[in-house]
Amino acid sequence: MTQHMNSAGLPIGFPVPDWQPRPYPPRTAMEGRLCRVVPIDVDAHAGDLFDAFARDGDGRNWTYMPSGPFADRDGFRAWLAETCTGDDPLFYTVTDRALGHAVGMASYLRIDPGPGVIEVGFIHFSPLIQRSAISTECMYMMMARVFDELGYRRYEWKCDALNAPSRRAAKRLGFSFEGLFRQATIYKGRNRDTAWFSILDTEWPAIRAGFEAWLAPDNFDPDGRQKAPLNHFVPEGREIVREV
């Protein structure tokens, strides 16, 4: 990459001419072949989500979440109403088209339209769709909205550094690891070191093409099993080491 210098001979960042702040994500559905990703509706989705998450019998999938698990429907519904109906985080529900009901959730958060930076987080897929084409399609559609529809420059993924499944998922989806923020926060009364990952707008076209090739119907057999894995089409995210 070309190094840019100012009039004092000091290195500076590359120019971003005519940049304008980006819009906030809309409260509209994202429509896929396998699933719909729709803004959360407590009345419509609370029951389905509670039932789907209850399939995780020991509550292990709530381990690295800032809340949960929930012992009963009323507590879960109250948490949804209090926590998941604002503008940032902006929560969506994942609906399985074949089953016809909600099976997971995810959100946009730390939305910063000025420089065009947005994070995906609170990704909680029930056992019904973990390690499935539906979960991958959901992540693809959320990325496509950020880059193609809204024109953001940077898409972030952060997780507890001890959350090995989340770190693996980020790399599988094409996010590059940028480093570890030590003692970044406290949740559930314990420390969290945070692992940071990202995808940039310049990286998105190749990642998008890979997702589209993997999600194509001809990559799946009649029983819905993949013929070629995602990493055949989308290279795993890199570890970013940059010397200044």
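The values are calculated or read from the model by the stated rules, or taken from the named source; none is laboratory data. Computed from a predicted structure; not experimentally measured. To get the accessible areas, we keep the full protein, side chains included, count just its heavy atoms, and leave off ligands, DNA and RNA. Shrake-Rupley method; radii C 1.70, N 1.55, O 1.52, S 1.80 Å.
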- Query: By how many nm would the segment from residue 190 to residue 20 lengthen if fully extended, with 0.36 nm per residue of separation less the alpha-carbon distance?
  - Reply: 57.2 nm
- Task: Any chance you could look up the accessible area of residue 227 with a 1.4 Å probe, heavy atoms only, rounded to 10 Å²?
- Result: 130 Å²
- Task: Given the options 13, 100, 32, state which has the largest fluctuation in a GNM of the chain using a 10 Å cut-off (strictly under) for Cα springs.
- Result: 13
- Note on the structure: Note to self: C-alpha centroids of segment 167-231 and segment 116-148 sit apart, in Å, by 9 Å
- Message: Cut-off 10 angstrom, C-alpha nodes, Gaussian network model of the chain. Which of 52, 102, 78 fluctuates the most?
- Response: 78
- Message: Please report Rg (one decimal) and Dmax (integer) in Å for the Cα set of the chain.
- Response: 19.0, 64
- Enumerate the lysines that residue 171 could reach by cross-link, defined here as Cα to Cα under 20 Å, with residues fewer than 8 away along the same chain left out. 158
